Structures are given as C-alpha cells and as structure tokens.
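The structure appears right after this line, and notes come after that.
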Amino acid sequence: MKRKKKLYIYVLLLFLVVWPVYQIVGMLGGHAEKQNAGKLLYQVSMFQMELLGSFLNDVNQMQGTGGLDLLRQAVYTANFTHEHLVLAFGEDRLTPLNGLTQLMQYVVRLQIGGQRPLKADEAQTLEQIRKQYADMFDAYGKLMSPSYSIVSAQNDKLMKADKAMTELLRKKLLQ
C-alpha cells in the first residue's frame, strides 16, 4: 500500500514537472501554426476585389453621380490592397493594376460636376467597365496557387484584362 502511494506521488510530481516543461518547449520551438503573410494579404485583396465587383454590378441601378461614392471607395480599397500585394510578391511576379487607378480618376471626374444624372454614354462606359472587370476578377480569383505563389498564366490574363480596361478609360478620360 505504501508503495502504491509513493508511486502515485512520483507520477503526479513527474506530470506536474514534465507537462509545463513540454508546454514551454512547444512555445519556444514554434509549434504553433504560422500563416503565410502573402496568402493572408491575397485573401484581403480578393475580398476587396469581390466588393468592387459587387458595386460595379449595381452601377446600372444608380440614377446619378451621387451613387458613385461607394464605388469610389471600393475602387480605392481594392487598389490599395492590390498595391500592397504587389509589394509583397514583387512587380516581376505580379502586375500592378493601372486600370483601377484609371477607374478611380474616371469616377472622380464624373463626380466633380456635383450630383447630376448620369449621361447615357457615361452609363454605357460603366457597363463596359463592369464587363471588363469580370474578366479581370476571373483571373484574380485564380491568381494564387495552392502553395501560395503567383500563377504566372493567371497573372498574364490579369495583365491583359487590366490593359483593356486601362485603354478604355484613357480614351474616356481624354474626351
């Protein structure tokens, strides 16, 4: 009986000493799961692109330039997060999206005149942008591989879609 009691005490002491040491070694050794920063930034950027797509889909329901405020904010945040994603991966692997900068300028230009109804050609331009953005968004959704690196073929598609949007907007901004 005394031996069993001693054995229980030793096991309890061993547990009380070994368990905290094991926990400390685990914390210092970095056993905690680490997230890939590029993956997390891509997820944020993807969310902002989805949000922008949603606002572009609603643009045909807008009656005037006053309704473009939310679109302007969505363009800004999507562009901001994508720029940071480019900084994280490098311009040699991920293309900057100049079309978003041009879209921001176009929306601001529409709003400079104050609140007014959209002209037919302005509404048509926004509809063309929405269609081109759909191509851009499709490529953006496939941009990251399962190993969290940039898929160069999708980056090429993204670059082409961005170039088309940029050209359209440059023409409209020069009118």
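The values are calculated or read from the model by the stated rules, or taken from the named source; none is laboratory data. Here the structure is a predicted model, which means the values were calculated and not measured. As a convention, Cβ positions derive from the backbone with ideal geometry for all residues, glycine included, and neighbour counts pool all protein chains shown. Note: areas computed on protein heavy atoms with side chains; ligands, DNA, RNA excluded. Shrake-Rupley method; radii C 1.70, N 1.55, O 1.52, S 1.80 Å.
Of note:
- Length-normalised contact order for segment 34-174 - Cα pairs under 8 Å, 6+ apart - percent: 31 percent
- The listed residues R93, R116 rank as R93, R116 when sorted by accessible area, largest first, using a 1.4 Å probe.
- Contour minus Cα-Cα distance for Y148 and Q175 (0.36 nm per residue): 5.5 nm
- I150, I24, I129, I112, ranked by accessible area, largest first (probe 1.4 Å): I112, I24, I150, I129
- Fully extended contour minus Cα-Cα distance, from R93 to V44, at 0.36 nm per residue: 15.8 nm
- Carbon plus sulfur fraction of accessible area for segment 65-175, probe 1.4 Å, in percent: 54 percent
- Cβ charges +1 (Lys, Arg) and -1 (Asp, Glu), total dipole of segment 63-175, debye: 280 debye
- Full-extension gain in nm, Q63 to A123, via 0.36 nm per residue minus C-alpha separation: 20.7 nm
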